[in-house]
Structures are given as C-alpha cells and as structure tokens.
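Inspection log for the structure reproduced underneath, given as structure tokens.
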Amino acid sequence: MSGKRDLILFIAMSLDGYIATKDESLEWLFNVEGEGDNGYSDFYETVDTVLMGKKTYDWMTRHVTGEFPYKNKKCYVFTRSSIEDTEDVKFINDDIVRFTNKLKNQEGRNIWLVGGGELLQSF
C-alpha cells in the first residue's frame, strides 16, 4: 500500500452538535433502538489505528467493562501530561497534527479519530 492513510471521524453526535452531555457523559450513545450497529462493524474493519483524547480515554476506562475495546488496534491517547504507556495504549504528549501527519505517511489502514471535542478542534 502506498500513499497517505485516511484519517476518519466516525462518531455519534446529537442534532445540536454535542458528542457528550453537559456532565461529559457518553452514556446516551448506548441508548439505541433497533437492530444492527449502523455500519460500525464494517467501518471498524477498515482501521488499524485509533486516536483519542485523554478525557475520552478516562471516561472509557471508568465506564466500559471487560477487555479494552480497541485491543487489536494501535491506540494513541493525546495528553498534556507525561503518562507511562500501557499494554494497549501509547500516550502522546506531542503536537497532535504533526504526530497524526507522521502516522498518515506510514504504511497501514485507516486511522480513526474517536474523539473527544477538544481533540477534534485540533483538526
């Protein structure tokens, strides 16, 4: 594969433009009706790298039970702090756009920009 990888934003957002409630909860994302996953599974197979902000990562570690949800992907979490990497996550304290552009120029599949709002504004 040659050329740049695509950076993809695949998120749920309310009609008034929010991805979290005022108290920074994402619980509303799990209150869905109907069958199927709205294309999530098909999309998930197109990515090999996941990017997210520290607040999103912290929320996820507090509220998602079981195995780390992106275990089979390279996962980078952007933070202003110096944090030791884990088995599943590499913490990045670097310029977000510059780091992401380096990733885009590497071999691989799509890069998923998971969220949150502060991270999205960097792009």
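Counting residues in region 84-123 as N, plug N into 2.2 N^0.38 Å and put the Cα Rg over that result. Let's see the in-between values first.
Working: Rg = 11.2 Å, N = 40, 2.2 N^0.38 = 8.9 Å.
Its radius of gyration relative to the 2.2 N^0.38 Å reference: 1.25.
Excluding residue 5 itself, what net charge comes from residues whose Cβ is under 12 Å from its Cβ, given Lys and Arg +1 and Asp and Glu -1? Walk me through the intermediate numbers first.
Numbers: positive: 4, 74, 102, 104, 109; negative: 6, 48, 107.
Neighbourhood net charge equals +2.
Where Lys and Arg each count +1 and Asp and Glu each count -1, what net charge lies around residue 119 among other residues with Cβ under 10 Å from its Cβ? Walk me through the numbers on the way to the answer.
Details: positive: 54, 55; negative: 118.
It works out to a net charge of +1.
What order do you get for 63-74, 111-122 when each peptide is scored by the mean count of other beta carbon atoms within 10 Å, highest first?
Numbers: 63-74: 11.9, 111-122: 18.0.
By packing density, highest mean first, the sequence is 111-122, 63-74.
Excluding residues on the same chain fewer than 8 positions from residue 73, give the lysines whose Cα lies under 25 Å from its Cα.
4, 54, 55, 90, 102, 104
How large is the accessible surface per residue of region 47-91, computed with a 1.4 Å probe and reported in Å² as a whole number? Before the final figure, lay out each step's value.
Details: 2640 Å² over 45 residues.
Result: 59 Å² per residue.
The values are calculated or read from the model by the stated rules, or taken from the named source; none is laboratory data. Because the structure is a prediction, the values reported are computed rather than measured. With ideal geometry, Cβ positions are generated from the backbone for all residues, glycine too; neighbour counts draw on all protein chains shown. These accessible areas exclude ligands, DNA and RNA; they are computed on the full protein's heavy atoms, side chains included. Shrake-Rupley method; radii C 1.70, N 1.55, O 1.52, S 1.80 Å.
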